[in-house]
Structures are given as C-alpha cells and as structure tokens.
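The values are calculated or read from the model by the stated rules, or taken from the named source; none is laboratory data. Fair warning: this is a prediction, and the values are worked out from it, not measured in the lab. For neighbour counting, all protein chains shown are included, and Cβ atoms are generated from backbone atoms with ideal geometry for every residue, glycine included.
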Amino acid sequence: MAGLGLEVNKITFHTYRSDSTWLSAALFSTALENVTARQSILINELAPRLLTVDIARAITDEFPQFESLLQLWQTGDEIAFPTLGGSARFPTNLRWGELRTIWVDFVRCTLRNLAKHPDFIDEAEHTVQSWKPTLPGERSATPWDPDVNNWRYDAASLAAAHPLLWDIPNLEASTNLALLAEPDPLGKRKWKARSNVDLYAHSAASIAIRFLESVSSAVQARVRQIILLEDRVTVANSPSHVQGLLPFYRANPRLHIQRVVNVWEVGITPETRFAIEPLRISAITKSLGCWILETMRLQGQIPEGSFQLILDGNPTLDITSEAFRLMMHGAALHNALNELFDRQVLPRPSLLHSSRNRAFAYHYNGLYEALRKLGDGQCASWIDCNFEIGTMPDTQSLIEERSGWSVEDWEHEWNEHLLQEFETGDPLPPYRELHPVSIAYW
C-alpha cells in the first residue's frame, strides 16, 4: 500500500525561487547564453579549417536542416555579418530558423565531431588565445583587474561543456560553468541581478525532474499523474525542459503529465531583456511558437496522450484568440512564400541573406504545420487551449491575392506584420507593466 497514493493522486509542482537559490539561477541563466555564444563562435572559426567531408557528413546525418550552413563553412570562409559599429562578427543571437534547443544541440554535435580532427586541440587553443575576455558588445573588463589578467579561455573545457537546461545547479556549479566564458561572473552578475531577484526562478518541470531523480526507481514507477503549473517566467529556456522528462516516460509508460502555462503571464515574453518596446507580433510568435514546438517535439518519443500542454488565455480569452490569429497569419505568409520558392516562381534568397533579414530569420521551421494541425484539431491530445484559435489561412489564397509580387514585396509585408503592435486588455495591466523585465530567451 506504500505507493498507492502515488497511483491515485496527482502530484503538483510549481515554479520555485528562494533567497538561497536566486543568485545561482541568475548565474546559470547567463552562463548558458554566454557558453553557447562562445561555442558558436568557436565552431565558426574552426569549421572552415577542420570540417572535412566525413565530418560534415556525420553532422548532416544528425542535423540535415543545417547542411547549407556546413557547406558555407566548407568553402573555407568564416560567417560574419556587419554590425552597427562597422565590424563584422558571427551572429550568435541567430538560430537559423530553428528552436534554440535544436541550435544548441547542433553546436554541440559540431564540436563533438570537429574534436575528432587530429588538429582540433591545437587549433582550438590557438583560436581562443586571440579572444578578449568579454563577449562582443559587452563592457570591456578593466585592465588592472587581476581576475581578468590571469584568466584565460580553456578551449577543451569550453568545447566539451554540455549543461542540461533543466538542471538546478548550486552556486559553485553555476560559477564554474560561467567561468568558461567570462573571468569574474559572480562579481559581475551579483549587482546586476539583485534588483530583480524575484525573476530568477526554476521551472515547475525542472522541480519535477529533481524530485523524480531523488526517489527510487520503484517509487518512480508508481507515479501516474503530474501537474506542472508554470506560474511565472523562469530561467534557462523553460519550454524545452520537457525534454528532461523523457527518461521517466521510458521507465514508466503509464506516466501522464499536464503542463499549464498562462499565455500572458508566462507564454508571451518580450524580445529584449527590458520591455522598452511595445509588444509586437514577432515576440508573440517567437515565444508562443517555442512553447508549441517544444511540446510537439515529444511526438514519436512518448505515447500520445501522455503529455499535454494547456495554454490558458485567461483573463482575456478574446484578445488571446486575436493574438493567436495574427500568429497563424504570419505562419501562413511564411508557408506561402516557401511554396513560391519551391515552385521556383520566386528566386530563393541565399542562406546569409535570409538570416540577416529579420523577416526571413525569425520564424521557426515547422511552426506552420504545427499551427495548422492545432487549428484543425489534429493535436488536441498534445496541446489544449481554452480560447478559440481559429483555422490557418489558406496558402493558395494568399498567393493568388499577391500575384505578381516580388520577393521585396513579400519581405515588406512580412516586416509590416512583424512590427505590428499588440496590447493586453482589462483586467490585465499594459504589457510593459506585466513584463517590465524578461529573462526568457528563445
């Protein structure tokens, strides 16, 4: 009878922060960004020299969507976009049309395969010796700071870093991770984060993972229902934390998990750290699209019906429906343009042009299909909404209405769509008051 309670009762997990955990959470969040950015820069500098045909094939087998990017590196040139300051650098903020987690997995796969090259260690160490101890755009470290002067990048450790986004590291572990990308992370972040301590919480999913890891396999096998109440924005790309639950599904096929996300309090987050700009359709698409696609990635990995994302549109169901409609319209435009490229009606822009241009770069691959299925009721077992989501606009109608348009015409309309402003409604406060600061990133 000891495990009967777990079989008949639901276990509910909430997000979590405390005075003893917020600093490690803040540092972990920043470290994940900086380490991934440095790893991205490292592969951009090493791949043109080390990417053999065999290595490229091995990476493409795992990530065929990045074949064009690998081909660019195989020409022997680094990828660099001009910046406002006139210099050029690799765009570490781009995901090349994929979810952040997919890009991170690609970066790590590329480093793992490049490490098989006999010259990898020497080339990597030589490369990082030229790096300044700050990321591009950050304030330069003071030259008299001994921590900076004595600190050096460790190429091998940086390349091998593989932190789990759903982890809950202590302050020492977060600091060690951060030290891979900057010389004095604790001193630098402590004062920056202190005014926003309530922001740095761990997701309900990560708390559930920590609990399941702490009990025996016999207890895990008796758990039947888990509710994840994601009741605030949390660190480390929380939509992706469902991936950390996969091992428990494999060990316990009868496990069922429901994840609840309020669209306005958690689901839609600003595009910048500080919500100094109005809420735009681009932010709605990026953030809600991330929640949707991270959930749909579970298909084929766990039994259908064993996980469900609940998108809660309260307290403004009609406004939420309108936001969803605009997101679907943008996805339909994206799909219509891709069809014209596929039919060779319009010339397909190069990968670099597409990535430099915000209109082409912001959309997630697969979002159109996911939203279409959601609108048609084909994935209700995976995602449930308590508001009307409508149906996807007809692609052919969009094409016919824009007959004779050039790529530039489509680009202009898409940019107009992305920049369209949106706002909450009563009883919610204005969006910038609801999210004055954001720690979410996609």
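Determine, yes or no, whether Thr285 is buried (at least 24 other Cβ atoms within 10 Å of the Cβ), at pLDDT below 95, in the same structural domain as Pro315 (by TED's automatic domain parsing) and polar (S, T, N, Q). Spell out the reasoning first.
Working: buried (at least 24 other Cβ atoms within 10 Å of the Cβ): yes; at pLDDT below 95: yes; in the same structural domain as Pro315 (by TED's automatic domain parsing): yes; polar (S, T, N, Q): yes.
So Thr285 passes the test.
Among the residues that make up region 263-272, is at least one of them modelled with pLDDT under 95 and under 24 Å from Asp394 (Cα atoms)?
No, there is no match, as no residue in region 263-272 is modelled with pLDDT under 95 and under 24 Å from Asp394 (Cα atoms).
Can you report the number of residues in region 390-428 which are within 23 Å of Gly289 (Cα to Cα) and assigned to a loop (DSSP other than H, G, I, E, B)?
Total satisfying the criteria: 11.
Hey, can you tell me all the residues within region 241-255 that are part of a helix (DSSP H, G or I) and either among the charged types (D, E, K, R) or touching a helix residue (DSSP H, G or I) at 6+ places or on another chain (Cβ under 8 Å) (or both)?
We begin by selecting, within region 241-255, every residue part of a helix (DSSP H, G or I); these are 241-251.
Within region 241-255, His241, Val242, Gln243, Gly244, Leu245, Phe248, Arg250, Ala251 qualify.
Within region 248-273, how many residues turn out to be charged (D, E, K, R) and closer than 23 Å to Leu311 by Cα? Show your work before the answer.
Narrowing region 248-273 to residues charged (D, E, K, R): 250, 254, 259, 265, 271, 273.
Next, from what is left, pick out any that are closer than 23 Å to Leu311 by Cα: 259, 265, 271.
The total comes to 3.
Is it the case that Leu32 is touching a Pro at 6+ places or on another chain (Cβ under 8 Å) and touching a residue at least 60 places away in the same chain (Cβ under 8 Å)?
Values: touching a Pro at 6+ places or on another chain (Cβ under 8 Å): yes; touching a residue at least 60 places away in the same chain (Cβ under 8 Å): yes.
When the stated conditions are applied, Leu32 passes them.
Based on what the data block shows, is Glu67 crowded, with 19+ Cβ neighbours inside 10 Å, of a type in the set (D, E, K, R) and either out of contact with any helix residue (DSSP H, G or I) (no Cβ under 7 Å at 6 or more places or on another chain) or at pLDDT 85 or above (or both)?
Values: crowded, with 19+ Cβ neighbours inside 10 Å: no; of a type in the set (D, E, K, R): yes; either out of contact with any helix residue (DSSP H, G or I) (no Cβ under 7 Å at 6 or more places or on another chain) or at pLDDT 85 or above (or both): yes.
So Glu67 fails the test.
Would you mind telling me which numbered condition in (1) surrounded by fewer than 16 Cβ atoms within 10 Å (Cβ to Cβ); (2) within 21 Å of the chain's Cα centre (by Cα) Ser350 fails?
Result: Ser350 passes all but (2).
Taking only region 210-240 into account, find how many residues are touching a residue at least 40 places away in the same chain (Cβ under 8 Å), assigned to a helix (DSSP H, G or I) and either β-branched (Val, Ile, Thr) or over 16 Å from Ser306 (Cα atoms) (or both).
7
Quick one: is Ala221 at pLDDT 95 or above, more than 19 Å from the chain's Cα centre (by Cα), small (Gly, Ala, Ser) and surrounded by 15 or more Cβ atoms within 10 Å (Cβ to Cβ)?
Taking the combined requirement at face value, the residue does not satisfy it.
Within region 363-385, take every residue that is among the hydroxyl-bearing types (Ser, Thr, Tyr) and not in a helix (DSSP H, G or I) and give me the one that is nearest to Arg100 (Cα to Cα).
Pass one, region 363-385, residues among the hydroxyl-bearing types (Ser, Thr, Tyr): 364, 368, 381.
Those left that are additionally not in a helix (DSSP H, G or I): 364, 381.
Numbers: Tyr364: 10, Ser381: 25 Å.
Looking at the filtered set, the residue picked out is Tyr364.
Given region 113-172, what helices (runs of 4 or more DSSP H) lie entirely inside it while holding 1 or more residues that are modelled with pLDDT under 75? Show your work before the answer.
On the way: elements: 120-128, 146-149, 155-160.
Per the criteria, 146-149.
Which of the residues belonging to region 37-59 are assigned to a loop (DSSP other than H, G, I, E, B) and crowded, with 21+ Cβ neighbours inside 10 Å?
Of the residues in region 37-59, the ones assigned to a loop (DSSP other than H, G, I, E, B) are 51-52.
Leu51, the sole residue that qualifies.
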